[in-house]
1. Every residue in the stretch 59-72 that is within 11 Å of the ligand (Cβ to nearest atom) and over 19 Å from ILE116 (Cβ atoms), please.
2. Quick check, is PRO53 within 9 Å of the ligand (Cβ to nearest atom) and farther than 17 Å from GLN8 by Cα?
3. When you scan the stretch 79-99, do you find a residue that is closer than 16 Å to LYS32 by Cα and touching a Leu at 6+ places or on another chain (Cβ under 7 Å), even just one?
4. Please go through the stretch 158-191 and pick out each residue that is surrounded by 10 or more Cβ atoms within 10 Å (Cβ to Cβ), not acidic (Asp, Glu) and not in a helix (DSSP H, G or I).
5. Does at least one position in the stretch 126-141 carry a residue that is part of a helix (DSSP H, G or I), within 12 Å of the ligand (Cβ to nearest atom) and surrounded by fewer than 20 Cβ atoms within 10 Å (Cβ to Cβ)?
6. Could we say that ASP48 is within 13 Å of the ligand (Cβ to nearest atom), out of contact with any strand residue (DSSP E or B) (no Cβ under 8 Å at 6 or more places or on another chain), closer than 24 Å to ASP171 by Cβ and among the charged types (D, E, K, R) here?
7. Within the stretch 23-44, how many residues turn out to be over 24 Å from ASP171 (Cβ atoms), more than 9 Å from the ligand (Cβ to nearest atom) and touching a Lys or Arg at 6+ places or on another chain (Cβ under 7 Å)?
Amino acid sequence: MDWEQLTQACMQCQKCELAQTRTNVVFGVGPKDAEVLFVGEGPGGQEDLLGEPFVGPAGQFLDEMLSIIGLSRKNCYIGNIVKCRPPQNRDPAPGEQEACIDWLRMQTKLLRPKIIVCLGRIAAQKLIKEDFKITKEHGTWFEKGGIRFFAMYHPSALLRDIGKRPDTFRDLKKLREVLLSVTDDPTRYEL
Ligand code: URA
């Protein structure tokens, strides 16, 4: 499957019950040669309406975080564990995550990112390890199948709890350091 076919197939997805209540499938955003892939948990209300990830308040904060380290929607890819909004913004259920994860796997295969950044516990537990502890293990590097994995607090958690921001600032600096050491073109991330 190429990118276009994957997008078309995903837009029609009926693999779980979230398809019944969604307005839009939120496929993801960013260039197809992105070296960094950010993964959140699932679309919220704004994302569902607009069909784009992280466009509500948490998304605005994410954009600010990214800009600190020379990243934006133009030079990294942003997606979610589930592509349809869970009603009332509840956590996506394990069955919904499992039904959806192949879309992200196929996106990852085509994108071939060097780094995957999990935003929050849900993404880290799905992509890094089941018992991932976000308070203890954010900012730690993991390696799987030739890809570097890293987790940070979810931007919504940072909006709620200012006390988590200094840790995240340090994590962003770590992320930039490794990104600059693995990139094919450091000029993509100039500040
Ligand atoms: N929170 C997420 O995890 N993903 C989004 O796309 C928006 C908010």
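Read-outs: derived from the displayed coordinates by stated rules, not from any lab. As the structure is a prediction and not an experimental result, all values here were calculated from the model. Because the Cβ atoms are built from the backbone with ideal geometry, glycine has one as well, and the counts that use them run over all protein chains shown.
1. GLN60, PHE61 - these are the residues of the stretch 59-72 that are within 11 Å of the ligand (Cβ to nearest atom) and over 19 Å from ILE116 (Cβ atoms).
2. So PRO53 passes the test.
3. yes
4. Scanning the stretch 158-191 gives a single hit, THR183.
5. Checking the stretch 126-141: not a single residue is part of a helix (DSSP H, G or I), within 12 Å of the ligand (Cβ to nearest atom) and surrounded by fewer than 20 Cβ atoms within 10 Å (Cβ to Cβ).
6. So ASP48 does not fit the description; no.
7. Selection size over the stretch 23-44: 2.
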